[in-house]
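Participant: One structure, pasted below without further comment.
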Amino acid sequence: LEFATGWYEDVSFTYPLLVAAERITTLPRTCVHYRQRRTGAITRTVGDRHFEVFDHWERALERAGDLGDDLRGRLFRRMIWHYLQVLRHENRVPPASRRRFFHRVAANYRRFRPPAGFPPPSARFERLRFDLVGRDSYPAFRAVDVALRAGRETRRGLRRWKRRVKRPVTRARQGVYQVAYGVMRRLLPIDQSLALYAAYWYRGVSCNPAAIAAKAAEL
């Protein structure tokens, strides 16, 4: 196995390697930190060179050789998922080329779909995207994507609005608490036998303080 030339060259190396291995061991630690440059990186360059992902996936499936139904289905699902990640990324396929890219995805869907099927994606909208790719229906795929993006933007806007509304209310509540605390501290006697537990800036009793409080009460 060796790395081929072009973009996405890790695809045609990594997956045949994983398939060929008799066993795979993982390490419970981070071994590589991937740092993405703001400019100049492949994953941030808009252009038709992203079509090279098809060549590497086709080469990966050819190199993988004979596979069982389960493994072939999982590899197929990963391939289609990767295609859609590239297609839907704003900094990769040019808008004028996305329809052509989608039809290429649909062609590979029909060409490589395992006779025994494949495990469907767990996410509902991901399953819908796979179904539309199988039908080679770009207008419907685009409509679903636009609707989902609009929904995400709406939810983000609502969260920002809630934060703006909540901020002055929180400040007012904190001001009332501080005044009340100052009054009680001056007027009420201190209980020398009282232990006060609080966590996360006095938001409640949780985490380590809650465990200590429970054990202290038990003892």
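Participant: Using only alpha carbon pairs under 8 Å that are at least six residues apart, calculate the relative contact order of the chain and give it in whole percent.
Facilitator: Values: 132 pairs, mean separation 31.4, N = 219.
Relative contact order, the chain: 14 percent.
Participant: With r as the distance between the Cβ atoms of V179 and T43 and R0 = 41 Å, compute the FRET efficiency 1/(1 + (r/R0)^6) and round to 0.05. Let's see the in-between values first.
Facilitator: Working: r = 53 Å, r/R0 = 1.30.
Given R0 = 41 Å and the Cβ-Cβ separation, E is 0.15.
Participant: Taking the Cα centre of each part, how many Å lie between the range 53-122 and the range 155-181?
Facilitator: 47 Å
Participant: Ok, one more. Just to verify a number: what accessible area does K215 come out at with the full protein assembly present, 1.4 Å probe, Å² rounded to tens?
Facilitator: Result for K215: roughly 100 Å² accessible.
Participant: For the range 47-129, just list the percent of Cα-Cα distances falling in each 5 Å bin from zero outward, please.
Facilitator: Taking every Cα pair in the range 47-129, the percentages come to 3, 14, 26, 24, 18, 11, 4, 1.
Participant: Taking the Cα centre of the chain as the origin, how large is its charge dipole in debye, to the nearest 20, when only Lys and Arg (+1) and Asp and Glu (-1) carry charge on their Cβ atoms?
Facilitator: Values: 44 positive and 20 negative charges, 342 e Å.
So the dipole magnitude of the chain works out to roughly 1640 debye.
Participant: With the calculation restricted to Cα positions, what are the radius of gyration and Dmax of the chain in angstrom?
Facilitator: Every Cα atom of the chain included, Rg and Dmax give 27.5, 82 Å.
Participant: Per residue, how much accessible area does the range 107-176 have with a 1.4 Å probe, in Å²?
Facilitator: 71 Å²
Participant: Let me check against my output: what whole-number percent is the relative contact order of the range 1-78, with C-alpha pairs under 8 Å and at least 6 apart? Each step should come with its number before you reach the end.
Facilitator: On the way: 41 pairs, mean separation 33.9, N = 78.
Computed over the range 1-78, the figure is 43 percent.
Participant: Given the range 82-134, report the % of alpha carbon pairs whose separation exceeds 17 Å.
Facilitator: 39 percent
Participant: How are the Cα pair distances of the range 166-219 distributed, in percent, across 5 Å bins from 0?
Facilitator: Values per bin, smallest distances first: 4, 16, 15, 20, 19, 16, 8, 2, 0.
Participant: With the chain treated as a Gaussian network of Cα nodes joined by springs under 10 Å, which of R99, R23, R155 yields the largest mean-square fluctuation?
Facilitator: It is R23.
Participant: In µm²/s, what is D for the range 133-184 at 10 °C and 1.306 mPa s, where D = kT/(6 pi eta Rh) by Stokes-Einstein and Rh is the Kirkwood radius from Cα pairs?
Facilitator: Working: Rh = 14.6 Å.
Translational diffusion coefficient: 109 µm²/s.
Participant: Continuing with the same structure: If R0 is 35 Å, what FRET efficiency do you get for Y202 and A123 from their C-beta distance, rounded to 0.05? Before the final figure, lay out each step's value.
Facilitator: On the way: r = 38 Å, r/R0 = 1.09.
Once rounded, the FRET efficiency stands at 0.35.
Participant: If packing is taken as the average number of other Cβ atoms within 10 Å across a peptide's residues, how do 8-21, 185-198 rank, most packed first? Don't skip to the end; give the middle numbers.
Facilitator: Values: 8-21: 16.4, 185-198: 7.9.
Per-residue mean Cβ counts within 10 Å order the peptides as 8-21, 185-198.
Participant: Per-residue HN-Hα couplings for the range 135-146, Karplus 6.51 cos²θ - 1.76 cosθ + 1.60 at θ = phi - 60°, whole Hz, x for Gly and Pro?
Facilitator: So the J values, rounded to whole Hz, are 8, 6, 10, 5, x, 5, 4, 5, 5, 4, 5, 5.
Participant: Given +1 on the Cβ of Lys and Arg, -1 on the Cβ of Asp and Glu, and no further charges, what dipole in debye does the range 48-162 carry about its Cα centre, rounded to the nearest 20? Walk me through the numbers on the way to the answer.
Facilitator: Details: 28 positive and 14 negative charges, 152 e Å.
Dipole about the Cα centre, nearest 20: 720 debye.
Participant: To continue, here is another question. Going out from 0 in 10 Å bins, what whole percent of all Cα-Cα distances in the range 1-110 drops into each bin?
Facilitator: The percentages, shortest bin first, are 13, 39, 35, 13, 1.
Participant: Here's something else I'd like to know. Can you give the FRET efficiency for E22 and E58, using 1/(1 + (r/R0)^6), R0 = 35 Å, r = Cβ-Cβ distance, to the nearest 0.05? Before the final figure, lay out the partial values.
Facilitator: Values: r = 25 Å, r/R0 = 0.72.
With a Förster radius of 35 Å, E is 0.90.
Participant: Taking each pair of distinct Cα atoms in the range 92-219 once, what is the resulting Kirkwood hydrodynamic radius in Å? List each step's numbers first, then the result.
Facilitator: Values: mean 1/r = 0.0470 Å⁻¹.
That comes to 21.3 Å for the range 92-219.
Participant: For the chain, which whole percent of the accessible surface, found with a 1.4 angstrom probe, sits on carbon and sulfur atoms? Display every interim value, and only then the final one.
Facilitator: Numbers: 8720 of 16100 Å².
On the chain, the fraction of accessible area on carbon and sulfur atoms equals 54 percent.
Participant: In terms of solvent-accessible area of protein heavy atoms at a 1.4 angstrom probe, what is the ranking of M184, M79, highest value first? Mind showing how you got there, number by number?
Facilitator: Working: M184 100, M79 0 Å².
Putting M184, M79 in descending order of accessible area: M184, M79.
Participant: Let me ask something else about it. Between W81 and R100, what is the spin-label point distance in nm, taking each point 7 Å from the Cα along the Cα→C-beta axis?
Facilitator: 2.9 nm
The values are calculated or read from the model by the stated rules, or taken from the named source; none is laboratory data. Owing to the predicted nature of the structure, the values given are computational and were not obtained by experimental measurement. Ideal geometry is used to build each Cβ from the backbone, glycine not excepted, and the neighbour counts take in all protein chains shown. When the accessible area is computed, the model is the full protein with side chains, heavy atoms only, and any ligands, DNA or RNA have been set aside. Shrake-Rupley method; radii C 1.70, N 1.55, O 1.52, S 1.80 Å.
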